[in-house]
Amino acid sequence: MRGTRILLIMAFVLFAIALVCSSCSSTDSQGANAKTTVYERVISTGTIRCGYVNVSVACDVDPQTGELTGTFPDIIREMAKNMGLEVEFVEEVGWGTMIAGLQTGRYDMMASPVWPNSSRVRQTTFSIPAYYSAIGVWVRPDEDRFTPAGGWAALNDPGVKIGALDGSTGETIAISQFPGAGLLTYPELANEGQIFLDVTTGKVDVFFEEPAKGAIFLENNPGQLKNIADEIPVKVFPNVFMLPGGEYRFKEMIDTALVELQNSGFVDRVLTAHEPAPGAYYRSALPYQSR
């Protein structure tokens, strides 16, 4: 009887040891398989790796040196400095390929402005807006077919040809709001200046673009185009930083750093320094008011 009791006790002890070992092995396996988040990697390395699109005013790339200037590089550099981090601009991409780079981990965020939409949000995470862009309707000076009536309904006609960069928000606007119009798309690494020029020559009739870029074109081509949507934009978009999908701790860090710069007046000073014409960009409203 006593021997049987001893055997039962030993069996119980061995079972308990096996259970503990199994639990430890499972925990170790889960730890080994856990994916490091972008936030964890950034904090660990002290560096934010950025992809970018060459965008006039907002993110200009010097063709000789590769140096980035503009509103968004200025903002992300100041944000990183305040957080005790470094910024590394690792890859120039196009509108149609920028999401893939985030998904494969080639960079941690985009350092050029992105206009969020329903398609992009399914695959990425967005910061709060740094500022806003009103989208103009750029046409030739003698163009008189279009008015804001009915949400610019006259643009939705087969006789109207809209120019847009492949993968751009301008293309999305053309497809979603004016599906009845003709659409000519340009390679994603082409620049807006080419489409503005094609409007003047009649290759396309309309180009949807923000006033800041139109102002740059008109500096060198005065009187060649007009923005008929100056008072009633075809759309208004927030300019945001695009982050990998699901990286909410990283988003919280970026949002907090950005709010700090907005409240200090830094973002407004950056916009004033870079915008080609006063009021070319809409500022974010402060979430408070004085008495």
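Readers should treat all values here as calculations from the given coordinates under stated rules, not as data from a laboratory. Please read all numbers here as calculations on a predicted model, not as lab measurements. Cβ placement follows ideal geometry from the backbone for every residue including glycine, while neighbour counts extend to all protein chains displayed.
Points worth noting:
- Simple point charges give the picture: +1 on the Cβ of Lys and Arg, -1 on the Cβ of Asp and Glu, and for region 171-249 a dipole about the Cα centre of about 80 debye.
- Loop-resident sites, region 43-122, for GluC sites (Glu not before Pro), counting at most 12 other Cβ within 10 Å (DSSP): 67
- Computed from phi, the 3J(HN,Hα) profile of region 191-202 under the Karplus parametrisation 6.51, -1.76, 1.60 (θ = phi - 60°) reads 10, 5, x, 5, 6, 4, 4, 5, 5, 5, 8, x Hz, with x in place of Gly and Pro.
- A full extension of the chain between residue 147 and residue 65 corresponds to an added length of 25.1 nm, given 0.36 nm per residue minus the alpha carbon distance.
- Under the convention that each Lys and Arg Cβ holds +1 and each Asp and Glu Cβ holds -1, the size of the dipole of the chain around its Cα centre is about 1520 debye.
- Taking 124, 71, 45 as the candidate residues, the one with maximal mean-square fluctuation in a Gaussian network model of the chain, Cα springs under 10 Å, is 45.
- Summarising the strand pairing of the chain, around 55 percent of its internal DSSP beta bridges are antiparallel.
- Options 37, 199, 240, ranked by Cα towards positive dipole end of the chain, top entry (Cβ charges): 37
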